[in-house]
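Inspection log for the structure reproduced underneath, given as structure tokens.
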Amino acid sequence: MNASGLSPEQVKLQARARELAAGPVTARAAEVDRTEQYPWDNVELLKDARLIGMTIPTQYGGQGKDWLDAVLAIEALSAACAVTGRIAVETNMGAISAVMAYGSEEQKKMAADMVLAGDKPAICITEPDAGSDANGMATRADKKGNRYVINGRKHWITGGGVSRLHLIFAKVYDEKGSEEGIGGFLAIRDETKGLKITKREPTMGLRGIPEAVIDFEDMDVPPSSLVIPPRGLKKGFADLMTAYNSQRVGAATVALGIAEGAYQLALDWSEKRQQFGRPINEFQGLQWKLADMSIKLSAARAQFFGARGYSRELPLERMARDVRMFTIGGGTAEVLRNVVAGALLKKKLPQTRDGWVRD
Ligand code: FAD
């Protein structure tokens with residue numbers, strides 16, 4: 001352990017991820033956003049750097065690392081390219097963690113092989129009428145003889161259209177039509193009839209990774225695809241949330257990485273940019289801002305519309321982009337504060353000496 005509390009192996013892992021992030025991942029980040037193409041070449045880089053499938057136990061070909069190891073890599077990658085960071089999340093956490101926790105030997109081997117080969121599994125919970133209230137899902141898996149028949153619609157599924165392995169949550173019904181609780185099923189796109197990618201959402205950000213609507217139309221799967229069996233109405237839902245929790249740790253880490261990346265850019269620029277004959281970081285106003293940024297790092301924003309507010313089909317994302325200009329054009333927010341302060345204190349502060357400020 002060093003002063004940061006990280007082991008020497010973790011320091012090396014972090015350095016490996018940072019090197020990748022600073023090099024090829026940074027170089028491609030803007031292009032990934034512009035072209036909205038899934039960065040398959042970054043997947044290869046992650047594979048080569050052994051940053052994919054790290055948390056998979058060694059007996060299935062992984063490295064048996066824990067979530068902290070994954071978090072270190074995800075944060076470093078997300079500071080350069082959040083899409084690549086998310087790929088690291090979903091190849092180390094989420095569906096793959098759920099399969100490793102709940103799956104049979106056969107399911108674990110299959111999922112591990114697919115992830116280590118570069119597949120980013122999709123986790124399918126959210127539905128048009130069941131978002132935060134996941135327990136209200138309508139997708140159903142009906143037991144019919146020795147099969148389950150799945151029908152329903154999921155939306156906002158990350159990786160829909162690029163992911164092969166899908167972990168699909170549905171309400172399970174026995175042959176008499178009685179509900180047994182929520183269960184999780186594994187299905188492979190293109191190998192499972194009835195699994196259809198029906199729409200890609202136009203999103204505000206993270207454009208290199210598709211968010212899709214997936215329809216299940218009489219998708220017929222064997223009981224061996226059931227990875228999280230229904231355990232009654234309450235326990236099935238608890239299992240679902242446990243399966244989802246690692247994904248949430250990963251999502252928080254991507255946000256942290258993005259904030260860290262933005263903060264580093266600001267810090268660098270504040271050193272390089274000169275105004276009024278000195279680097280702008282010599283102005284106390286900016287020093288305080290940098291200090292606040294380093295404390296907060298991520299700003300929480302209320303999003304009334306849930307996933308819909310994230311879609312380019314609503315004007316919210318355009319408004320968020322447009323409003324940024326007003327903190328710069330016509331006088332930056334900091335300079336305008338100087339103007340107000342100058343008026344209050346009757347002092348000449350930057351941009352007040354030209355006589356803008358009147359008593
Ligand atoms: P709603 O549940 O309709 O919520 C609307 C608003 O009401 C929100 O502000 C919400 O916070 C608020 N609200 C709701 N209930 C409460 C409450 N009890 N108390 C206080 N406020 C409340 N889902 C998947 O299954 N798999 C994925 O891979 C996946 N990836 C996603 C990727 C992106 C980019 C996005 C945007 C979403 C993704 N989702 C995914 C869906 C995501 O999990 C849901 O959007 C989320 O759970 C919220 O559901 P909703 O959008 O339907 O909002």
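The values are calculated or read from the model by the stated rules, or taken from the named source; none is laboratory data. Predicted, not measured: the structure shown is a model, and the values here were computed from it. All Cβ positions, glycine included, derive from the backbone under ideal geometry; neighbour counts span all protein chains shown. The area values use the complete protein model at the heavy-atom level, side chains included, leaving out ligands, DNA and RNA. Shrake-Rupley method; radii C 1.70, N 1.55, O 1.52, S 1.80 Å.
Figures for the structure shown
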item	result
Spatially proximal aspartates and glutamates relative to Lys47 (Cα-Cα < 14 Å; intrachain offsets below 8 disregarded)	Glu90, Asp113, Asp119
Extension gain from Ala101 to Lys144, taking 0.36 nm per residue of separation minus the Cα-Cα distance	12.8 nm
Val227 long-range amide H proximity, modeled H, under 5 Å	Gly184, Phe185, Leu186
The range 111-185-the range 188-213 distance, computed between alpha-carbon centres (Å)	14 Å
Long-range amide H partners of Gly205 with built H, under 5 Å	none
For Glu260, net neighbour charge (Lys/Arg +1, Asp/Glu -1) across residues whose Cβ lies under 13 Å away	0
Pair Arg337, Thr198: separation of 7 Å Cα→Cβ label points (nm)	5.0 nm
5 angstrom amide H check on Thr139, placed H, neighbours 5+ away	Arg153, Lys171
Lys289 - accessible surface, heavy atoms, 1.4 Å probe, Å² rounded to 10	90 Å²
Length-normalised contact order of the range 8-116 in % [C-alpha pairs under 8 Å, at least 6 apart]	31 percent
Solvent accessible area, Å² - Leu6, 1.4 Å probe, full protein context	20 Å²
For Leu72, solvent-accessible area (1.4 Å; no DNA, RNA or ligand), Å²	10 Å²
Out-of-range pairs (alpha-carbon distance over 21 Å; input Lys154/Lys196; Lys12/Lys108; Lys144/Lys176; Lys65/Lys296; Lys154/Lys199)	Lys12/Lys108; Lys65/Lys296
Per DSSP, loop chymotrypsin sites (Phe, Trp or Tyr not before Pro) in the range 208-267 with at most 11 further Cβ within 10 Å	none
In order through the range 45-61: 3J(HN,Hα) via Karplus (6.51 cos²θ - 1.76 cosθ + 1.60), integer Hz, x for Gly, Pro	5, 5, 4, 4, 8, 6, 9, 10, x, 4, 7, 5, x, 4, 5, 10, x
Charge tally in the Cβ shell below 12 Å around Trp40, where Lys, Arg are +1 and Asp, Glu are -1, Trp40 excluded	0
Relative contact order (%) - criterion: Cα under 8 Å, at least six apart; region: the range 187-298	17 percent
Label-point separation in nm, Gln63 to Asp48, each point 7 Å along Cα→Cβ	1.6 nm
Per-residue ³J(HN,Hα) for the range 77-87, Karplus 6.51 cos²θ - 1.76 cosθ + 1.60, θ = phi - 60°, Hz, x for Gly and Pro	5, 5, 5, 9, 7, 5, 5, 5, x, 5, 5
Net length gained if the chain between Ser132 and Lys12 were fully extended (0.36 nm per residue, minus Cα distance)	39.4 nm
Relative contact order, percent, the range 56-118 [alpha-carbon distance under 8 Å, six or more residues apart]	36 percent
